[in-house]
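Below: the structure, in structure tokens.
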Amino acid sequence: MTEDCILKIDGVTKRFSNDLDIAERTARKLGAKIEPVTVHAVDGITLDVRKGEVLGLVGESGCGKSTLGRMVAGLTPPTDGRILYKGQNVAELKGTAARDAALRIQMIFQDPMSSLNPRLQVRDIIGEAPRVHGIVGRREMAGYVEDILAQVGLDPSTGKRYPHQFSGGQRARVGIARALAVKPDFLVCDESVAALDVSIQAQVLNLFVKLRQDFDLTYMFVSHDLGVVEHISDRIAVMYLGRLVELGDAEDLIARPNHPYTQALVSQIPTFETGKKTYQAIKGEIPSPMNPPPGCHFHPRCPFAHDRCRSEVPVLKQVAAGRMSACHLNDSAA
Ligand SMILES: Nc1ncnc2c1ncn2[C@@H]1O[C@H](COP(=O)(O)OP(=O)(O)OP(=O)(O)O)[C@@H](O)[C@H]1O
Ligand code: SF4
Ligand SMILES: [Mg+2]
């Protein structure tokens, strides 16, 4: 673990086993060939997050981004591997140490409406966790919540309102305020602006940038949209079907993608209306994580696939300064 590494993801795997339901078990007894399915959501990922950086995590739907984010936030345990936060294996902490670690890493979800209790005023939504964990006393609470509302760009008087009385962008700010209220130093932002209009997205992304400076935060910024993580990230990690396929400095990775999957992700089409870059969908279907292709998972869609790709898993290795990639083509180039 290097000095500036705040979080180490060390060979982390997550498999989900979906047991058979009653109808499937009955059909199986009657001779149908039905087996419980195992989803390889995250497959042996090793990755360091540096203190104070924004690490963008991108990849198409179902590639395991949220599952990795949830494991980092301690919301779901890995099947294999370890997550070390400031050198400590979070899963092994007990008592107050476990509680403190759980507060230090907060997760912000895509849809604040479904994660905010509709029956509570926003000031209670924000104040609940700090009150339960004794972060602020009862008397200081009102001022504490008002300060946080102001920090996220909301009028402090809005604390009396209920979630449905806010716009989408304001609700995103409430979700951020709730996470900040327990004084975290690491935020996992999972598709945190995906539900918002493009202009509001930009405002909320700017807020994330400001808060990082104000509170000395580190982010893991998860998005299926490279356009969203492009400007906010210091480094970008690219996932494909549970595996990390490329990692590097954000600007450099987008300017000079090494992995054919990243190359496909960054092949962009400019749009006339907004002048904003959008990214083209990649050709070919995403294979099922229940039955991933052997060798390089990307081979059925890769224009450069050759025999070795169909049988041998490419290892993630350094291909340039600060750049890791998992593609056999790097061996032939060497
Ligand atoms: N609790 C669960 N039980 C069973 N399978 C799950 C569970 N959570 C996730 N999965 C499966 O794991 C795989 C990865 O899912 P995950 O939600 O991590 O992907 P994602 O990259 O976040 O996708 P999206 O961009 O659509 O949010 C998917 O095939 C998904 O169906
Ligand atoms: S290992 Fe082969 S299939 Fe995979 S990305 Fe590289 S060239 Fe394509
Ligand atoms: Mg997700």
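The values are calculated or read from the model by the stated rules, or taken from the named source; none is laboratory data. Predicted model only: the values in this text are computed from it and were never measured. For neighbour counting, all protein chains shown are included, and Cβ atoms are generated from backbone atoms with ideal geometry for every residue, glycine included.
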> Pairs, please: C-beta under 6 Å, at least 6 apart or cross-chain, first residue free of Cβ contacts under 8 Å to residues at least 60 places away in the same chain and in region 316-331, second buried (at least 20 other Cβ atoms within 10 Å of the Cβ)?
Replying inline: Gln318/Met324; His328/Cys309; His328/Pro314
>> If I ask for residues that are under 12 Å from Val188 (Cβ atoms) and of a type in the set (Lys, Arg), which ones from region 70-109 would you list?
In response: Arg70, Arg104
> Which of the following residues is surrounded by fewer than 17 Cβ atoms within 10 Å (Cβ to Cβ), in contact (Cβ under 8 Å) with a residue 40 or more places away in the chain and basic (Lys, Arg): Arg99, Arg82?
Replying inline: Arg82
>> With the requirement that a residue be loosely packed, with under 10 Cβ neighbours inside 10 Å, acidic (Asp, Glu) and either in contact with a Phe, Trp or Tyr (Cβ under 9 Å, 6 or more places away or on another chain) or under 30 Å from Asn89 (Cβ atoms) (or both), what does region 1-37 give you?
In response: Glu3, Asp19
>> Is it the case, given these coordinates, that Ala101 is touching a helix residue (DSSP H, G or I) at 6+ places or on another chain (Cβ under 8 Å), away from ligand 1 (no atom under 16 Å from the Cβ), modelled with pLDDT of 95 or more and not aromatic (Phe, Trp, Tyr)?
In response: no
> Looking at region 73-83, is at least one residue away from ligand 2 (no atom under 16 Å from the Cβ), modelled with pLDDT of 95 or more and of a type in the set (Ser, Thr, Tyr)?
Replying inline: yes
> Of all residues in region 31-43, which are modelled with pLDDT of 85 or more, more than 16 Å from ligand 2 (Cβ to nearest atom) and either not in a strand (DSSP E or B) or not polar (S, T, N, Q) (or both)?
Replying inline: Val39, His40, Ala41, Val42
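Restricting the search to region 47-99, which residues are in a loop (DSSP other than H, G, I, E, B) and more than 25 Å from Leu205 (Cα to Cα)? It would help to see each step written out before you state the result.
Within region 47-99, the first condition is being in a loop (DSSP other than H, G, I, E, B), and the residues that meet it are 51-53, 59-64, 73-79, 86-87, 93-94.
Listed by number, the residues that qualify are Thr76, Pro77, Pro78, Thr79, Lys86, Gly87, Leu93, Lys94.
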> Considering region 118-165 alone, what residues qualify as being in contact (Cβ under 8 Å) with a residue 40 or more places away in the chain and over 27 Å from the mean Cα position of the chain (by Cα)?
Replying inline: Arg119, Leu120, Gln121, Arg161, Tyr162
>> I need the full set of residues from region 97-111 which are under 19 Å from Leu68 (Cβ atoms) and in contact with a Pro (Cβ under 8 Å, 6 or more places away or on another chain), in order please.
In response: Arg104, Ile105, Gln106
> Considering only residues of region 214-273 that are within 16 Å of ligand 2 (Cβ to nearest atom) and β-branched (Val, Ile, Thr), which is surrounded by the fewest Cβ atoms within 10 Å (Cβ to Cβ)?
Replying inline: Val266
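Can you name every one of the helices (runs of 4 or more DSSP H) wholly within region 100-196 that holds 2 or more residues which are within 21 Å of Val222 (Cα to Cα) and touching an Asp or Glu at 6+ places or on another chain (Cβ under 9 Å)?
Numbers: elements: 112-115, 122-132, 141-151, 168-180.
In region 100-196, 168-180 are the helices (runs of 4 or more DSSP H) which contain 2 or more residues that are within 21 Å of Val222 (Cα to Cα) and touching an Asp or Glu at 6+ places or on another chain (Cβ under 9 Å).
Filter the strands (runs of 3 or more DSSP E) completely within region 230-334 down to those with at least 1 residues that are closer than 23 Å to Ser66 by Cβ and at pLDDT below 95.
Details: elements: 235-240, 243-249, 268-270, 277-279, 317-320, 323-325.
In region 230-334, the matching strands (runs of 3 or more DSSP E) lie at 277-279.
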> Taking the stated definitions as given, is Gln201 part of a helix (DSSP H, G or I), in contact with a Pro (Cβ under 7 Å, 6 or more places away or on another chain) and more than 16 Å from ligand 3 (Cβ to nearest atom)?
Replying inline: no
